[in-house]
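What follows is a single structure, written as structure tokens, with notes after it.
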Amino acid sequence: MPFKKNETPGKKKGQNALGNNRFFDSKMGFAGAFIMGGIVFAINFSHGFTPGLIAGLKQAVYTFFMASINMKICENIAIRYKNIRISIFLAVLIASIITIGATFIVHSIKGTPEPFYSTIPTIILSPPTLLYWALRKRKQLHRLFDNF
């Protein structure tokens, strides 16, 4: 059950209950871009430096935007419901499905020499990262508002 209007902590337009931007987290975007771009470059380097670099750069740009938006989706769902287990489960499940599905689709469309292998790091890293993020944001909510 979502928080009722009178129970939801005060927030400004464009911010979630923690006072953060509801739509975009550029810090997490840059971190994800650096990590995932490097991994995809390493995976595709055997096809040559240029194809590996192109695949890595595409992954980095894609990850910057996806991570920036998807971490916010995870955060917003993690703090949305009173029931902690439901909030965390839904946050990780929904954000993981979006991340993994979108990554595979982008790599499958064209240009990446090994689309499935380039998606494996996302499959491995996404759920635990999102779980950590959801738990962290939920703890932040509890620190700010003891009754949640």
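Checking the cross-link pairs Lys27/Lys137; Lys58/Lys110; Lys72/Lys110; Lys27/Lys82 against a 18 Å limit on the alpha carbon distance flags Lys72/Lys110; Lys27/Lys82 as lying beyond it. Sorting Phe49, Phe41 from the fewest to the most surrounding beta carbons within 10 angstrom yields Phe49, Phe41. Per-residue Cβ neighbour counts within 10 Å put Arg85, Arg138 in the sequence Arg85, Arg138, beginning with the fewest.
Under a Gaussian network description of the chain, with springs only between Cα atoms under 10 Å, the residue in Ile124, Ile94, Ile73 that fluctuates furthest is Ile124.
Given the choices (1) 1.26; (2) 1.33; (3) 1.17, Cα Rg over 2.2 N^0.38 Å derived from the coordinates of this structure is entry (3). Region 109-133 and region 22-72 have Cα centres lying 10 Å from one another. Axis of helix 26-44 versus longest Cα principal axis of the chain: the two differ by about 30°, to the nearest ten degrees.
Taken together, the values in this text are just the output of simple stated rules run on the coordinates, not laboratory data. Keep in mind it's a predicted model, so treat the numbers as computed, not measured. Quick reminder, even Gly has a Cβ in these numbers, built from the backbone with ideal geometry, and neighbours come from all protein chains shown.
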